[in-house]
Amino acid sequence: MPLVRVNLREGKNEDFRRRLGDAIHQAMVDTINVPPADKFQIITEHRPGNLVFPDSYLDVPHEEEVIFVQIFLNAGRTIELKQALYRALAAGVEAIGFNPKDLIINLVEVRKEDWSFGNGLAQYVPPLQA
């Protein structure tokens, strides 16, 4: 169950934000074995100046429309799967008309016991014995 946080400049319409969220989720389903029903996303728009980034980093120039995608997910995926995810995310945003050079992705790996989906339980781990 990944949790996806998307930060982008304000002004993108609802249709773009929906298509962006769908493209991100589909890339995860296609590459890192995320179940289709596991779609948890927070999409936040920011005023100009509230997303800070260099004009160029590692020889990749960035424009004002940069999008930050941070994915919190269970640890354990291989480098090859992560690279496949990055490629699929780039292709997905390009398909909706966004330049993939302005897509900055960060994966945050956590342990299964770091999730709770309600009721104060860690559903992915066995219950503690009293």
Inset, instruction - Filter the trypsin sites (Lys or Arg not before Pro) in the stretch 25-111 down to the DSSP loop ones having no more than 15 other Cβ atoms within 10 Å, then list what survives. - result: Arg111
Legend entry - Read-out Rg and Dmax of the Cα atoms in Å, derived from the coordinates shown; its label in (i) 13.5, 40; (ii) 16.2, 56; (iii) 26.4, 90: (ii)
Inset, instruction - Write down the percent of antiparallel bridges among all DSSP beta bridges whose residues are both part of the chain, to the nearest 5. - result: 35
Legend entry - Nearest-ten-degree value, helix 14-32 long axis tilted from longest Cα axis of the chain: 50
Inset, instruction - State the volume of the convex hull built on the alpha-carbon positions of the stretch 14-70, expressed per residue in Å³ and rounded to an integer. - result: 113
Legend entry - the chain: calculated mean residue ellipticity at 222 nm from DSSP helix runs of at least 4, using -39500 (n - 2.57): -9500 deg cm²/dmol
Legend entry - Cα-centred dipole magnitude for the chain, charges only on beta-carbon of K, R (+1) and D, E (-1), debye, nearest 20: 360
Inset, instruction - Sticking with the crude label model, points 7 Å out along Cα→Cβ, report the distance from Gln70 to Asn99 in nm, one decimal please. - result: 2.5
Inset, instruction - Give the angle, between 0 and 90 degrees and rounded to the nearest 10, that separates the Cα long axis of helix 79-95 from the longest principal axis of the Cα atoms of the chain. - result: 50
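Taken together, the values in this text are just the output of simple stated rules run on the coordinates, not laboratory data. These numbers come from a predicted model, not from an experiment. Positions of Cβ are generated from backbone atoms using ideal geometry, with glycine treated the same way; all protein chains shown enter the neighbour counts.
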